[in-house]
Amino acid sequence: MRKIWLIATNVYRTRVRSGTFLFLTFFLPLLMVVAGLIVPLFLFRDEDSVQRMGIIDQTLQLSLPSNIQTEETSLNLIHLADLEQAHNEFQAGHIDAYLVIPSGYFEGETVVFYGEDPPGTTLTMALERLLRASLLPDEPETLLDLIENPSEVIYIEQSTGTEITSPFGLAARMATPAIIAFLFAMAVAFSSGQLGSAIVREKEQRAMEIVITSLRPSQLVAGNVLGMSLLVLTQYSIWILGGIIALMLFASGGAEIGAIMLPWRAILWGILLTLPGFLLFAVLAAGAGVIAGDNQQAQQLASIVGLFAFVPLWFTALLITQPDGSIAIALTLFPLTAPTVALVRMVFSEVPTWQLLASCASLLVSLLLAVWIVARIFRVAMLVYGQPFRPVQIWKALLQS
């Protein structure tokens with residue numbers, strides 16, 4: 001184990017210092033943080049810019065109040081006779097904007113807003129409340145609140161009894177398994193080509209002598225796989241941290257991030273499925289590098305292996321309509337599709353625990369078998385430089401004692 005760890009740390013230190021890795025690792029989180037800062041500024045940029053609002057009621061039938069209050073803002077309303085007076089008051093700076101309610105308002109004519117900037121979200125909500133209050137002048141504030149928000153719907157998850165009061169929180173809870181599946185597929189696709197080229201580098205540097213004198217092939221393969229896996233884990237950890245910071249910044253602008261209740265069962269099974277699943281794909285990508293003749297061919301073969309992580313997404317329509325069907329169960333138990341399919345099924349159905357345990361078992365068994373096979377092929381591949389492996393050679397390598 002010590003030799004495997006030494007190889008892994010050497011691979012990790014070499015790759016983590018490369019300019020390409022540093023750029024890809026930190027550029028995306030930087031974009032997410034910038035987006036987390038900019039989006040609230042655009043959403044709420046002019047919420048407090050209008051405090052004195054002129055009102056022209058051309059219907060002469062509305063009971064307009066002198067002030068309107070919401071949780072976010074307060075508007076002082078100034079009643080004006082006509083457009084000429086409104087224009088003069090605006091030019092003199094006595095009002096910040098003015099609203100014209102046309103004479104055909106009850107027949108469907110549109111209310112017109114005059115101001116320096118279009119109304120933002122909070123101001124629009126205040127103007128809507130103003131019109132509701134004018135149409136129902138004798139009704140209590142509680143009725144206006146009910147008209148604005150007829151009902152607070154609370155979702156109760158039957159299996160756990162968890163209450164979710166926010167639609168945003170409900171959507172986030174349902175989407176979490178699918179997000180984990182997508183991140184898993186992206187991690188596999190991104191790292192496969194790198195791992196294939198890393199194995200080719202070992203061959204080109206005549207690692208056969210090292211294997212013969214101090215290392216077993218399985219140790220060399222396992223060390224490279226572990227080092228590249230730690231590298232990808234580092235990158236994704238930084239991306240996730242950037243996403244969390246961006247969400248916190250976005251929440252400071254008023255988004256209902258606090259309403260999110262994470263589905264810990266899905267997250268736990270996501271970890272148990274994706275970790276061995278990722279290592280399995282990493283070993284298979286290493287095997288592609290072993291049988292390749294050069295670095296370019298290794299990247300091509302390993303990239304094909306990485307694409308298999310997205311294959312389960314082709315069955316999304318089937319998983320949506322028949323999440324508990326025989327095909328969905330078979331894909332859940334097959335090791336190469338198990339992580340993605342099981343997580344996508346969690347969005348639409350309650351996946352039985354025995355199926356998830358069976359998926360984990362198939363992944364672990366397949367991982368050990370893949371390491372054994374790739375190590376045996378690698379031992380023979382050290383004797384063949386610059387040449388791709390033929391199927392007959394692969395079969396002979398597996399049969400060697």
*Out of the residues in the range 39-65 that are touching a Gly at 6+ places or on another chain (Cβ under 7 Å) and either under 13 Å from residue 116 (Cβ atoms) or assigned by TED's automatic domain parsing to the domain that holds residue 125 (or both), which is modelled with the lowest pLDDT?*
46
*the range 55-107 - residue that is surrounded by 12 or more Cβ atoms within 10 Å (Cβ to Cβ) and of a type in the set (D, E, K, R) and, of those, farthest from residue 126 (Cα to Cα)*: 89
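Taking the options 359, 349, name whichever one is under 22 Å from residue 176 (Cβ atoms), assigned by TED's automatic domain parsing to the domain that holds residue 191 and at pLDDT below 85.
Matching residue, one of 359, 349: 349.
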*In the range 309-326, residue nearest to residue 282 (Cα to Cα) [restricted to those that are of a type in the set (Gly, Ala, Ser) and outside any loop (DSSP other than H, G, I, E, B)]*: 309
_Filter pass, residue 378 being part of a helix (DSSP H, G or I) and either modelled with pLDDT under 90 or under 30 Å from residue 290 (Cβ atoms) (or both)_ = yes
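The values are calculated or read from the model by the stated rules, or taken from the named source; none is laboratory data. Nothing here was measured: the structure is a model prediction, and the numbers come from that model. Cβ sites come from the backbone with ideal geometry, for glycine too, and all protein chains shown count toward neighbours.
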